[in-house]
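The values are calculated or read from the model by the stated rules, or taken from the named source; none is laboratory data. As the structure is a computational prediction, the values presented were derived from the model and not from experiment. A quick note on method: Cβ atoms are made from the backbone with ideal geometry, for glycine too, and the neighbour counts reach across all protein chains shown. Please note that ligands, DNA and RNA were not included when accessible areas were found on the heavy atoms of the full protein model with its side chains. Shrake-Rupley method; radii C 1.70, N 1.55, O 1.52, S 1.80 Å.
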Amino acid sequence: GKFLEIHPGSPGAARLEQQTEFLQLLALELLVTARANLTSYLGRLLSALAGPNSAVQGPFHVLEGSRKLLSLLESVCNMAVGSFVPLELNYFDSEKLEQLIKHHQSKESGMLLVDVVSLHKALQGELNMVANSNISVAQRNDINEEIKQILNNTVERNTIRQKIALKRKAFDAWRQVVEVMIVGCNNELVPSRQTLLGELTQASLARSRDGQALS
């Protein structure tokens with residue numbers, strides 16, 4: 001399938017989301033097929049993991065298959081998520097601003113995301129209160145500019161959290177496929193399972209030591 005084709009570089013979030021959904025469905029189909037003992041169909045599913053150019057049909061080819069699985073893992077780890085850069089503000093206290101941002105964040109699909117619209121209203125309310133005092137037009141414009149920076153920074157914060165969550169979801173989908181292959185398939189279909197597990201475990205551990213693997 002097209003989601004098993006490996007493209008060099010950092011994949012986009014949309015493509016990784018598609019790959020994740022595909023791997024989740026593949027893991028489920030592998031599990032159901034293995035439990036139903038549909039050996040021929042299961043063999044075709046496994047051979048697809050060895051690559052579209054593989055001449056191997058039936059038993060999973062450990063060398064080619066492990067390369068494909070490791071390439072899929074690389075595609076997960078290589079997606080850049082960016083980094084959060086704190087703002088340097090003149091009119092807003094950093095600690096109080098952070099408390100305000102936390103007040104407007106909530107969990108969505110397991111992620112802590114900030115409601116940018118409600119935050120904007122709160123910041124605009126702060127501006128309206130100080131506008132009643134003697135501030136110049138230039139100061140008001142400067143505060144408005146800082147509000148824009150805060151909102152843009154908050155959107156970026158949400159995006160980073162969403163990408164981190166996607167990478168973890170993608171890794172979990174990859175893990176599910178590997179788990180079904182190791183545990184649910186017999187030696188006839190997946191020979192040298194211990195060798196395959198060893199190679200994938202070493203690669204996973206190496207990536208877990210990489211600070212950017214899933215973050």
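For Val177, Val183, Val130, Val32, write out the residues from largest to smallest accessible area, computed with a 1.4 angstrom probe and no ligands counted.
If we order Val177, Val183, Val130, Val32 from most to least accessible, we get Val183, Val32, Val130, Val177.
Quick one: which of 14-23, 86-95 comes out on top by average Cβ neighbours within 10 Å, and what's the full order, highest first?
Result, highest mean Cβ count within 10 Å first: 14-23, 86-95.
How would Ile164, Ile101 line up by accessible area, probe 1.4 Å, largest first?
Accessible-area ranking of Ile164, Ile101, largest first: Ile164, Ile101.
Under the rule a/c < 1.5 gives rounded, and otherwise a/b versus b/c splits prolate from oblate, where does the stretch 89-128 land using the Cα gyration tensor?
oblate
Quick one: order Arg161, Arg44 from most to least accessible surface, probe 1.4 Å.
Of Arg161, Arg44, the descending order of accessible area is Arg44, Arg161.
Binned at 10 Å from 0, what are the whole-percent values of the Cα-Cα distance distribution for the stretch 108-151, short to long?
Whole-percent P(r) values from 0 Å outward: 25, 45, 20, 8, 2.
Can you check what the net charge comes to around Arg168, using other residues whose Cβ is under 12 Å from the Cβ of Arg168 (Lys, Arg +1; Asp, Glu -1)?
So the environment of Arg168 carries a net charge of +4.
I want to make sure I understand the PRE zone here: with the label point 7 angstrom from the Cα of Ile164 toward its beta carbon, which residues in the stretch 80-110 have backbone N atoms less than 13 Å away?
Inside the label zone: 81-85.
Using Cα positions and a limit of under 21 Å, work out the lysines in reach of Lys102, with same-chain residues fewer than 8 apart set aside.
Excluding near neighbours in sequence, the set is Lys121, Lys148, Lys163.
Kindly provide the Kirkwood hydrodynamic radius of the stretch 87-211 in Å, to one decimal, from all pairs of distinct alpha carbon atoms.
Evaluated over the stretch 87-211, this radius sits at 18.6 Å.
Starting from the 7 Å offset along Cα-to-Cβ, what nm value, one decimal, do you get for the label separation of Leu28 and Ser94?
4.6 nm
Using a 1.4 angstrom probe and counting only protein chains, how large is the accessible area of Ser75 in Å², to 10?
20 Å²
Report the full-extension gain for the segment Ser71 to Met111: residue separation times 0.36 nm, less the Cα-Cα distance, to one decimal in nm.
That pair, Ser71 and Met111, stretches by 11.7 nm at full extension.
Per 0.36 nm of contour for each residue apart, how much would the distance between Glu21 and Gln194 grow if the chain were fully extended, relative to their Cα-Cα spacing?
Once the chain is fully extended between Glu21 and Gln194, it gains 59.6 nm.
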